[in-house]
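Student: Dropping the structure in here first, questions after.
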Amino acid sequence: MSFRINRLIEQLSDYGNHDSCVRELISIGEPALPQLTLALIQSTDEQSIYGIFRILNGIGGPAVQALVQVLIHGSNAVRVAALQALASLGTEARDATPHLIKAMNDEDDEVRLMASYALLSAGQRAEQLLPTLQALLTTREDGYIFVVYEMITMMHKEGDDISAMIPLVLEQLHHPLPFVRGGAMSLLGDLGVVDAVPQLVPFLYDSTLEAFALDALETLDTPAARQAIERFHEITGR
């Protein structure tokens, strides 16, 4: 069996055999974990690494300790991928909590972000995560900021107190990137931040962002929001 496992792992780099090897290794399950972990740490082939993460995710809970060992990998991208796999396991990854907390102090901000996401997925609540999210929300300027937005929404739905994040979300309305501003509008609507209405109204007349502003104001549905929407329709004829 050990020889067969090693052979399957070697073939992960072969595009033609990749998917069938992934399926067979998932079916082998826990007995393949030691060799999969070693291969993941040693491999430099991106397709093999991607395949091993697929396998570990398919194996599920028993793969948690294998994924934890990868959190010390020298590649930021590999650490991020390991954390994404742990996040996908949800509460099955609860035993990894001490390692995830340690990863929140990683030198790479994407690693810290995904560690926070994995902790939230594993059942950790807002008090532990807010400082990291606050720092990330003030420094990120790319698509990963939407992971922060998603996490804030998740915590809100769980009934966690996310009031400390609201001023930072409001600040994103002045972010230089339009998609970040639009995401902030949607989030403010979902969170029911009625105090944001005056700041949202001017965006009704920004052709790039009017749809975001309109949706957020309709969601908030205050008298001021309804009045602003009516005025918008009067002016634009739409």
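Every number here is computed from the coordinates shown, using simple stated rules; none is lab data. Fair warning: this is a prediction, and the values are worked out from it, not measured in the lab. Ideal geometry is used to build each Cβ from the backbone, glycine not excepted, and the neighbour counts take in all protein chains shown.
Student: Would you give the gap between the C-alpha center of the stretch 12-78 and the C-alpha center of the stretch 171-217, rounded to a whole Å?
Tutor: 41
Student: Once you have the alpha carbon radius of gyration of the stretch 1-93, what is it after dividing by 2.2 N^0.38 Å, with N set to its residue count? Walk me through the numbers on the way to the answer.
Tutor: Numbers: Rg = 11.9 Å, N = 93, 2.2 N^0.38 = 12.3 Å.
For the stretch 1-93, the normalised Cα radius of gyration comes out at 0.97.
Student: What ratio of Cα Rg to 2.2 N^0.38 Å holds for the chain?
Tutor: Working: Rg = 22.1 Å, N = 238, 2.2 N^0.38 = 17.6 Å.
Its radius of gyration relative to the 2.2 N^0.38 Å reference: 1.25.
Student: Rounded to the nearest 500, what is the chain's calculated 222 nm mean residue ellipticity when only DSSP H runs of at least 4 contribute -39500 (n - 2.57) each, over all residues?
Tutor: Calculated from helices alone, the mean residue ellipticity at 222 nm is -20000 deg cm²/dmol.
Student: For Leu86, Leu38, which order do you get if you count the other beta carbons within 10 Å of each Cβ and list the fewest first?
Tutor: Going from least to most buried by this count: Leu38, Leu86.
Student: Give me Ser116, Ser48 sorted ascending by neighbouring Cβ count inside 10 Å, so fewest comes first.
Tutor: Lowest count first: Ser48, Ser116.
Student: Please state, rounded to one decimal and in Å, the Kirkwood hydrodynamic radius that the stretch 108-207 gives when every pair of distinct Cα atoms enters the mean of 1/r.
Tutor: About 13.8 Å, per the Kirkwood formula over Cα pairs.
Student: What is the magnitude of the charge dipole of the stretch 53-108 about its Cα centre, with +1 placed on the Cβ of each Lys and Arg, -1 on the Cβ of each Asp and Glu, and no other charges, expressed in debye to the nearest 20?
Tutor: 120
Student: If you line up the Cα atoms of the stretch 178-230 on their principal axes, what length do they span on each, largest first, in Å?
Tutor: 27, 22, 14
Student: Also, quick follow-up: Just name one of Val169, Ser207, Pro98: the one whose Cα is farthest towards the positive end of the charge dipole of the chain (beta-carbon charges, Lys/Arg +1, Asp/Glu -1).
Tutor: Positive-end residue among those listed: Pro98.
Student: Still on this model: In what order do Glu230, Glu10 fall by count of nearby beta-carbon atoms within 10 Å, going from fewest to most?
Tutor: Ordered from fewest to most neighbouring Cβ atoms within 10 Å, Glu230, Glu10 come out as Glu230, Glu10.
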